[in-house]
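Notes follow once the structure below has been shown.
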Amino acid sequence: MLALSGMAMMLALVLAPATVAAAETHEAAPAAHAEPAAAAHGAAADAHHAHGNGVPDAHSLLTQFGYSYLTAYMFCLSLCAASLYLVFLHHLFDAGWSVPTRRISEHIASLMFPWMLILVIPILLLATRMYPWLTIDPATDHALDVKKGMFNKPMFFTLVPLLITTWGFIARSFRKNSLAQDKDGAAVWTRKNRVLAAWGIFYFSLTLTLVVFYLMKSLQHQFFSTMYGVYYFAGSMWLTFITTYVLAQYFSRPGQVLAQVVGKRQIHDLGVLFFAFTVFYAYIHFSQYFLIWNAAMPEETFWYVLREKGSWFWVGHLILFGHFFLPFVALLNQSIKSNLVVMIPVAAWAWLMHYVDMTFNIMPVLYPEGLHLSFWDLVCWPGLVAVLGYLFLKDFRSHPAYPLKDPRLKEAITHHEIPAPGQAAAHH
Amino acid sequence: MSAPAKTHGLLAEFDTPADLMAAALKCRDAGYTKWDVYSPFPIHGMDDAMGLKKSLVGWFTFTGGCTGFTTGMTMIWFMNKFDYPLVVGGKPLFTPLYAFPVSYELTILLSAFGTLFGLAALCRLPKWYNPLFKNERFKRASNDKFFICIEAVDPKFGHAQETLQSAGAKIIETVED
């Protein structure tokens with residue numbers, strides 16, 4: 001029953017562009033009245049062409065849906081991608097502490113296939129409306145001409161779904177091996193996952209950068225930033241640490257599935273890593289901004305100039321103070337990181353801030369005059385999160401909640417346990 | 001104990017970290033204040049077993065960091081905008097933007113100094129002499145033995161002998177000052 005409703009929601013989201021397209025044909029007549037306004041906007045867009053906002057048909061509902069959907073999709077991709085990173089890191093460092101929460105990361109990462117692949121379809125369908133470069137002839141645009149080896153239709157439409165599929169394959173292999181270990185406890189599964197992590201992290205880091213370039217940065221194809229991939233990575237890790245933190249807290253309450261295995265140590269370490277990435281994100285974003293500001297070359301500055309106009313100026317400041325400063329000061333004290341009265345509001349705030357960050361990257365292209373909240377934002381973000389959240393919970397509930405026979409499970413649980421006298425021999 | 005001024009404290013030896021941990025719990029619960037444990041390696045959970053409060057080092061770090069950041073910002077403002085206004089690269093005379101990297105570096109530098117010197121001050125270092133170093137047995141604290149020392153200045157020092165015995169100490173010695 002629930003599975004059906006989940007599928008229905010998924011279908012509704014995927015089919016939404018088609019429904020809107022149908023609605024738009026009905027609106028053809030009123031649209032004629034809006035012609036002059038649209039033309040004026042078009043002229044403005046032409047004038048700004050070198051600045052990157054030349055979205056054709058910016059007033060169409062379909063384009064607006066596409067942008068809101070992309071924002072929500074990039075938000076959810078953050079969770080899946082960074083969860084996959086957590087699994088990579090766990091195996092690369094041969095970590096002990098993160099065993100009890102690893103299954104959470106494995107399940108979120110495994111949403112990559114097929115769900116994130118299915119969910120990327122609307123973006124591919126609407127791509128020519130959303131990405132101005134897809135409809136520009138490279139012969140007429142120098143910035144596109146020099147990048148046409150990467151920014152061309154066959155590459156875009158092949159690589160984006162293909163790479164998401166391969167990530168899904170990696171994530172599912174991790175989970176498959178981990179679940180196999182639940183049955184026999186053999187060390188070979190850990191070794192397999194370690195080998196996967198060793199090459200996987202290089203492959204994933206390079207290809208994630210590529211997909212973020214395609215889906216987000218190429219909205220303004222003239223832009224250059226070698227930090228863009230790591231910028232997205234930093235924000236994603238930040239969001240995912242606090243999300244894992246909340247899930248770990250929730251599922252380790254008395255009587256819940258992780259109550260026996262997740263302790264103070266896991267909670268504290270997740271909090272510390274969230275704090276670390278608060279700083280790391282700020283460091284990366286500042287570095288990107290500062291290098292562009294300092295060099296002051298028009299082919300780079302236009303990206304931030306656009307984002308300092310109208311209310312985008314205040315959105316930028318919200319990111320500076322809300323994404324960095326507020327959580328930084330709030331979490332500076334050690335004991336705060338396990339204080340739920342502070343951490344739950346901080347988690348909600350972090351979700352909002354990451355969405356604002358995605359909005360700041362995506363929306364100014366469509367709405368150069370300032371922040372614009374549309375109906376689609378209210379549908380897409382909660383919609384995608386609800387669908388993926390439901391699918392995660394379904395996976396999480398139908399498998400053991402933590403790696404039952406992981407070789408490092410015992411040390412993760414007993415790390416801070418004070419042994420009773422006389423048990424010394426057993427302990428060492 | 002006949003001459004408390006001459007006695008540094010009671011030194012108890014244990015064989016394993018677990019025994020040390022259990023003994024630390026007893027000392028903590030008995031309410032001693034001037035005592036410490038010695039082990040060749042860090043033992044997870046010992047802070048709790050000893051009932052140690054959170055370290056104050058963080059405040060030194062925080063103060064150092066704030067000082068560093070303020071110093072960086074003020075220094076650049078003073079030099080580039082106030083004392084000797086100079087246009088560089090067509091940029092404003094002062095903006096937190098280009099003052100930031102320097103302020104950030106100074107934040108880290110002075111945080112590190114705060115941590116290092118704060119720690120040293122709290123540990124009362126440098127200290128040239130500790131009576132425990134005279135004890136032959138204690139040398140194994142850096143090898144394979146575990147120790148608790150309750151100092152003579154502790155108000156409950158009178159009960160130290162029985163506490164350590166009941167905590168399962170193998171050998172208890174008096175350490176002279």
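The values are calculated or read from the model by the stated rules, or taken from the named source; none is laboratory data. Bear in mind the structure is a predicted one, so any value in this text is a computation, not a measurement. Every residue, glycine as well, gets a Cβ built from its backbone with ideal geometry; the counts of neighbours run over all protein chains shown.
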Kindly check whether there is at least one residue in region B:133-145 that is buried (at least 17 other Cβ atoms within 10 Å of the Cβ) and either assigned to a helix (DSSP H, G or I) or in contact with a Ser or Thr (Cβ under 7 Å, 6 or more places away or on another chain) (or both). yes
Kindly evaluate B:F133 against the criterion of being free of Cβ contacts under 8 Å to residues at least 12 places away in the same chain and of a type outside the set (S, T, Y). yes
Sort out which residues of region B:54-66 are more than 11 Å from chain A (Cβ to nearest Cβ) and not in a helix (DSSP H, G or I), and write them in order of number. B:L56
With under 20 Å from the mean Cα position of the chain (by Cα) and small (G, A, S) as the only criterion, which of B:A99, B:A49, B:A23 stands out? B:A49
Among the residues in region A:49-61, are any at pLDDT 90 or above and assigned to a helix (DSSP H, G or I)? yes
When the residues of region B:11-48 are filtered to those that are buried (at least 21 other Cβ atoms within 10 Å of the Cβ) and under 29 Å from B:G114 (Cβ atoms), which remaining residue is nearest to the other protein chains (Cβ to nearest Cβ)? B:V37
Quick check: anything in region A:397-409 modelled with pLDDT of 95 or more, part of a helix (DSSP H, G or I), within 30 Å of A:L215 (Cβ to Cβ) and away from chain B (no Cβ under 14 Å)? no
Which condition does A:A295 not pass, out of (1) within 12 Å of another protein chain (Cβ to nearest Cβ); (2) at pLDDT 95 or above, if it passes all the others? (2)
Hits in region B:36-51 - residues which are farther than 14 Å from B:F146 by Cβ and not in a loop (DSSP other than H, G, I, E, B): B:D47, B:D48
Could you list all residues from region A:218-240 that are free of Cβ contacts under 8 Å to residues at least 40 places away in the same chain and either in contact with a Pro (Cβ under 9 Å, 6 or more places away or on another chain) or in a helix (DSSP H, G or I) (or both)? A:G229
Test B:L106 against the stated conditions and say whether it is more than 14 Å from every other protein chain (Cβ to nearest Cβ), outside any helix (DSSP H, G or I) and under 29 Å from A:I292 (Cβ atoms). no
Confirm whether A:A143 is over 22 Å from the mean Cα position of the chain (by Cα) and part of a loop (DSSP other than H, G, I, E, B). no
Among the listed residues A:L326, A:L384, A:L320, which satisfies the condition of being more than 28 Å from B:V57 (Cβ to Cβ) and more than 14 Å from every other protein chain (Cβ to nearest Cβ)? A:L384
If B:G51 passes every condition in (1) out of contact with any helix residue (DSSP H, G or I) (no Cβ under 6 Å at 6 or more places or on another chain); (2) within 14 Å of another protein chain (Cβ to nearest Cβ); (3) within 30 Å of A:N333 (Cα to Cα); (4) surrounded by 14 or more Cβ atoms within 10 Å (Cβ to Cβ) but one, which one does it miss? (1)
Residues (farther than 20 Å from A:V279 by Cα and small (G, A, S)) located in region B:89-141: B:G89, B:G90, B:G118, B:A120, B:A121, B:A141
Scanning region A:296-341 for residues that are among the hydroxyl-bearing types (S, T, Y), free of Cβ contacts under 8 Å to residues at least 40 places away in the same chain and within 22 Å of A:M363 (Cβ to Cβ), which turns out surrounded by the fewest Cβ atoms within 10 Å (Cβ to Cβ)? A:T301
Do we have A:L373 as of a type outside the set (S, T, Y), under 24 Å from A:L306 (Cα atoms), out of contact with any strand residue (DSSP E or B) (no Cβ under 8 Å at 6 or more places or on another chain) and assigned to a loop (DSSP other than H, G, I, E, B) here? yes
Tally time: how many residues in region B:78-120 are aliphatic (A, V, I, L, M) and either surrounded by 17 or more Cβ atoms within 10 Å (Cβ to Cβ) or over 14 Å from B:G64 (Cα atoms) (or both)? 11
Could you tell me whether any residue of region A:159-180 is under 23 Å from A:C380 (Cβ atoms), in contact with a Lys or Arg (Cβ under 8 Å, 6 or more places away or on another chain), part of a helix (DSSP H, G or I) and without any contact (Cβ under 8 Å) to a residue 24 or more places away in the chain? no
Please determine whether any residue of region B:69-91 is away from every other protein chain (no Cβ under 13 Å) and either touching a Lys or Arg at 6+ places or on another chain (Cβ under 7 Å) or within 30 Å of B:V153 (Cβ to Cβ) (or both). no
